[in-house]
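Working notes, structure below.
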Amino acid sequence: MQTRNMSDKFISVISHVFIAIFAVICLLPFMLVVSGSITDEIAIIKNGFRLIPEKISFDAYKLVLNDNTIFNAYGVTIFVTVVGTILSMLVTSAMSYALSLEHLKYRNQISFYVYFTMLFSGGLVPSYLLITNYLRMKNSIWVLIIPSLVNPWNMFLLRNFFKTVPKELSESARIDGANDIYIWICIILPVSLPAVATVGLFYALGYWNEWFRAMLYIEKEELYPLQYLIMRVLRNVQFADQIAAQSGIRIENIIPSYGVRLATTVLTIGPIIFAYPFVQKYFVKGLMVGSIKG
């Protein structure tokens, strides 16, 4: 027994050390990005990127945060991410629950219709004509939400998870007089929080990183999301850097193009990283354990 205890402790120590080393390795690239974003551009050009800045400079952040445009873009992106994720989860979970019911008529045909959209699409031109000429959503913040409301892959993922929920839960509620809406909201969703949190994170990441539809359908600057605004800033910096190089401007006056790239990375990924710990606990252990006796 003593030998087993010592071996268990040894394995535990080795596991913790390995996980700690792996965590540090994963953290190093992000630390390098943060360090590079506050490093003087001349130091980056001469000596490359370092974990400890050789000469601290916030010129890159000053260039990116030179006006209130980026804060407005933050507001747009936060609104699109929060509202879009909530609406997407409502529609996706409702559709997933309906298609997981065996007594739903034509559920196989509906599932095939959704699956068909994963293989084929109408193309960019028909989608553009549909959204601009028929749905009239150009220059509307809803164009960043409604076209992405349902992702077929997320729907099938959630549907398959709903199928694993024991039927006794819904059957007992149905005997007590509950309808499908009540069963879906009050029974299925609470015991499916791990899957709901995972799919919700997928949607949140998709909405947070959305920029292509903004490039196609948004012309008003006050409706620019964060990712599209950052892309415009990077393009302008690269263009100005090329002009400066062609004009023979001295290196002391060079535009902090490398620092701007790293600063925009920190500004864009920072908030979404803080959202992960709130859903991470649902990835570890499901909440269905003990939901049914016997």
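The values are calculated or read from the model by the stated rules, or taken from the named source; none is laboratory data. These numbers come from a predicted model, not from an experiment. When we count neighbours, we look across all protein chains shown, and the Cβ atoms used for this are built from the backbone with ideal geometry, even at glycine. When the accessible area is computed, the model is the full protein with side chains, heavy atoms only, and any ligands, DNA or RNA have been set aside. Shrake-Rupley method; radii C 1.70, N 1.55, O 1.52, S 1.80 Å.
At 222 nm, what helix-only mean residue ellipticity would the chain give, in deg cm²/dmol to the nearest 500, using -39500 (n - 2.57) for each DSSP H run of four or more?
Taken over the chain, the calculation gives -22000 deg cm²/dmol.
Rounded to whole Hz and in sequence order, give me ³J(HN,Hα) for the stretch 137-143 from the Karplus expression 6.51 cos²θ - 1.76 cosθ + 1.60, θ = phi - 60°, writing x for Gly and Pro.
Those phi angles translate into 10, 5, 6, 10, 5, 6, 5 Hz.
So what are the radius of gyration and Dmax for the Cα set of the stretch 1-79, in Å?
When restricted to the Cα atoms of the stretch 1-79, Rg and Dmax are 21.6, 67 Å.
On the protein heavy atoms, probe 1.4 angstrom, tell me the percent of accessible surface of the chain carried by carbon and sulfur.
66 percent
Given (i) 19.5; (ii) 18.0; (iii) 24.1 as candidate values of mean projected area of the Cα convex hull in nm², which corresponds to the one derived from the coordinates?
Of the labelled values, this structure produces (iii).
For the chain, with every protein chain kept in place, what is the accessible area per residue (1.4 Å probe, Å²)? Don't jump to the answer; show the numbers that get you there.
On the way: 18330 Å² over 294 residues.
Using a 1.4 Å probe on heavy atoms only, each residue of the chain averages 62 Å².
How much length, in nm to one decimal, is gained on full extension between HIS16 and ILE272, taken as 0.36 nm per residue of separation minus their Cα-Cα distance? Mind dumping the intermediate values first?
Details: separation 256, 0.36 × 256 = 92.16 nm, distance 2.69 nm.
Between HIS16 and ILE272, full extension yields an extra 89.5 nm.
Please report, in Å, the Rg and the Dmax of the stretch 1-155, where both are computed over Cα atoms only.
25.8, 76
Taking amide H atoms as placed 1.01 Å from N in the peptide plane, list the residues 5 or more away in sequence, or in a different chain, whose amide H sits under 5 Å from that of THR39.
Amide H to amide H, under 5 Å and 5 or more residues apart or across chains, THR39 pairs with SER57.
Just GLU219, GLU41, GLU171 to compare: in a GNM of the chain, with alpha carbon springs under 10 Å, which one fluctuates most?
For the chain, modelled as a Gaussian network with Cα springs under 10 Å, the answer is GLU171.
Quick test of the membrane-span-like rule: which DSSP H helices of the chain reach at least 24 Å along their long axis (C-alpha atoms) with mean Kyte hydropathy at least -1.0?
Result, helices passing both filters: 2-37, 69-100, 226-247, 257-284.
If r is the Cβ-Cβ distance from SER127 to LEU65 and R0 is 25 Å, what FRET efficiency results, to the nearest 0.05?
0.15
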